[in-house]
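J.: Just dropping this structure here.
The values are calculated or read from the model by the stated rules, or taken from the named source; none is laboratory data. Keep in mind that this is a model prediction, so the values were computed, not measured. Please note: Cβ atoms are built from the backbone with ideal geometry, for glycine as well, and neighbour counts cover all protein chains shown. All accessible areas refer to the heavy atoms of the entire protein, side chains included, with ligands and DNA or RNA removed. Shrake-Rupley method; radii C 1.70, N 1.55, O 1.52, S 1.80 Å.
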Amino acid sequence: MTQPRKAVALISGGLDSMLAAKVILDQGIHVEGINFYTGFCVEGHTHAIRKKDKQKPKRNNALWTAEQLGIKLHIIDIVEEYKDILINPKHGYGANLNPCLDCKIFMVNKAQQWARENGFDFIITGEVIGQRPKSQRKETMPVIAEESGANDRLLRPLCAKNLPETLPEREGWVDRSKLYGLSGRSRKPQIAMANEFGLEDFAQPAGGCCFLTDPNYATKLADMWQHQGNKNYELDDIMLLKVGRHVRPNDHFKLIIGREEGENNFMQGYRKQFTHMRVKDYAGPLVLLDGEPDTDDLALAARIIGRFSQGKMADELNVGITRPGEEEFIVTAKPMGPSDIPQEWYV
Amino acid sequence: MAVHEVNARRLLCPMPVIRTQDAIAGYIPGDEVHVFGTDPGIKQDIPAWCRVNGHSIIGMIDHEDDIEIIIKVGNAS
Ligand code: SF4
């Protein structure tokens, strides 16, 4: 008996990649999943940070998908390599700071390398022509196949019938007549397929697979890049952009103000790296200051954080300020009034 | 059988899963792995990863400062 052919499926945790893997599994191919962690993935993080989300048990959708399909899943850390993709995307950004086309090319290329090293024959993705305005178009499909180096070993089971035959189809490893010809933005065909396969409770992320498609997140990232004068970032920066209210009164610094207990707890871990503040005589959030605040800035910050504390109506309150590696000192401040914080300070 | 330890404290999911996965790649079936982490998400994610990849969870302990998950390495093939 001949060995079954092997395919590696890019699994994002969303429905499309799940369906694509299912279609190929049903053709008797041995499928294993691969999932890439860029640092911006919607999976993880927020659940660890926000207290209210802790009520619902968290699930990693990529792992959940693999479990539903009964396939193995390999999660690959690409945080470092991804920086170059995000900072210098050859094909530019999508609607926000999402470099989807470069990202896809990069991920398919990594999957192709993994396939070669592990004796897999081809790669599958859940792409659908026209599903996403920038990265999933008829013209981008061959670009991804060529620039990733996967060429005709890249099969898109959900829209294969609208594309030229690939190696697995030509060789008869998969039956092209049982592949699909989806196109366009509608989600209905995918939902119908999910019902047909008996798949339930699948994840349907609205924007895409990562925070870079989120306009609020992208605004904060752009603000960070602008004020530091370059596009570099570390994993900690990515994380802190997901946490708290960000208020930037001037170019020197911004405040990251915890919005609830979970965020305050999470931000505690950053007290060694950042100047941090807390109202002493009333309950209030932990605040981290990012940048180079001078004495006037600290006085202003103390008035701002007074506004976010239980003492916001007080005439004066005491704010403890600690610079990294130094002792805490106290400043007395009058909390800002309800309309004193200009809307444009909110990043 | 060898006993190994993976320190995934202070990492947020899915990094503890990735650390565990990469460590187990170098171990053999029957080995025991004690993973220590602080993100409560590992209580779901590591067992899910183990189920998917053929390893078993033989213990989970909530310590005061961290969580310990004990894994028996399964047959990878
Ligand atoms: S949304 Fe775009 S940039 Fe983000 S992971 Fe998906 S393809 Fe990559």
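J.: Looking at the range A:263-307, which of its residues are in a strand (DSSP E or B), open to solvent by 20 Å² or more (accessible area, probe 1.4 Å) and in contact with a Pro (Cβ under 9 Å, 6 or more places away or on another chain)? Break it down into steps so the answer makes sense when it comes.
T.: Restricting attention to the range A:263-307, the residues satisfying the condition of being in a strand (DSSP E or B) are A:275-279, A:287-291.
Filter once more, so that each one left must be open to solvent by 20 Å² or more (accessible area, probe 1.4 Å): A:276, A:278, A:290-291.
Within the range A:263-307, A:HIS276, A:ARG278 qualify.
J.: Sticking with this structure for a sec: Considering only residues that are within 16 Å of the ligand (Cβ to nearest atom), surrounded by fewer than 16 Cβ atoms within 10 Å (Cβ to Cβ) and within 14 Å of another protein chain (Cβ to nearest Cβ), which ones fall in the range A:207-234?
T.: Listed by number, the list is empty, since nothing qualifies.
J.: Mind checking which residues of the range B:20-62 are away from chain A (no Cβ under 12 Å) and either free of Cβ contacts under 8 Å to residues at least 12 places away in the same chain or part of a helix (DSSP H, G or I) (or both)?
T.: In the first step, residues of the range B:20-62 are kept if they are away from chain A (no Cβ under 12 Å); the result is B:23, B:26-36, B:56-62.
Within the range B:20-62, B:ALA23, B:GLY26, B:GLY59, B:ILE61, B:ASP62 qualify.
J.: Go through the range B:1-14 and give me each residue that's open to solvent by 20 Å² or more (accessible area, probe 1.4 Å) and facing chain A (nearest Cβ under 10 Å). Full working, then the answer.
T.: Start the filter on the range B:1-14 by keeping residues that are open to solvent by 20 Å² or more (accessible area, probe 1.4 Å), which leaves B:1-5, B:7, B:9-12.
Result: B:ARG10, B:LEU11, B:LEU12.
J.: Considering only residues that are without any contact (Cβ under 8 Å) to a residue 24 or more places away in the chain and either within 14 Å of chain B (Cβ to nearest Cβ) or of a type in the set (Lys, Arg) (or both), which ones fall in the range A:71-108?
T.: Matches in the range A:71-108: A:GLU80, A:LYS90.
J.: Quick check on the range A:241-252. Is at least one of its residues closer than 30 Å to A:CYS100 by Cα, surrounded by 15 or more Cβ atoms within 10 Å (Cβ to Cβ) and within 16 Å of the ligand (Cβ to nearest atom)? Let's see the steps before the verdict.
T.: Our first condition is that a residue be closer than 30 Å to A:CYS100 by Cα; within the range A:241-252, this holds for A:241-248.
Next cut, surrounded by 15 or more Cβ atoms within 10 Å (Cβ to Cβ) only: A:241-248.
Filter once more, so that each one left must be within 16 Å of the ligand (Cβ to nearest atom): A:241-242.
So far as the range A:241-252 goes, yes, one or more of its residues are closer than 30 Å to A:CYS100 by Cα, surrounded by 15 or more Cβ atoms within 10 Å (Cβ to Cβ) and within 16 Å of the ligand (Cβ to nearest atom).
J.: Let me confirm something: among A:ILE123, A:ILE76, which residue is more than 10 Å from the ligand (Cβ to nearest atom), in a strand (DSSP E or B) and crowded, with 23+ Cβ neighbours inside 10 Å? Don't jump to the end; show me each part of the working.
T.: Working: A:ILE76 fails: crowded, with 23+ Cβ neighbours inside 10 Å.
One residue alone meets the criteria, A:ILE123.
J.: Can you tell me which residue within the range A:188-206, out of those that are touching a residue at least 60 places away in the same chain (Cβ under 8 Å) and within 16 Å of the ligand (Cβ to nearest atom), is most open to solvent (accessible area, probe 1.4 Å)?
T.: Residue satisfying both the conditions and the ranking: A:GLN204.
J.: Filter the range A:129-147 for residues that are more than 13 Å from the ligand (Cβ to nearest atom) and on the phi < 0 side of the Ramachandran plot and give the result. It would help to see each step written out before you state the result.
T.: Going through the range A:129-147, the residues more than 13 Å from the ligand (Cβ to nearest atom) turn out to be A:129-130, A:137-139, A:141-143, A:145-147.
Across the range A:129-147, the qualifying residues are A:ILE129, A:ARG137, A:LYS138, A:GLU139, A:MET141, A:PRO142, A:VAL143, A:ALA145, A:GLU146, A:GLU147.
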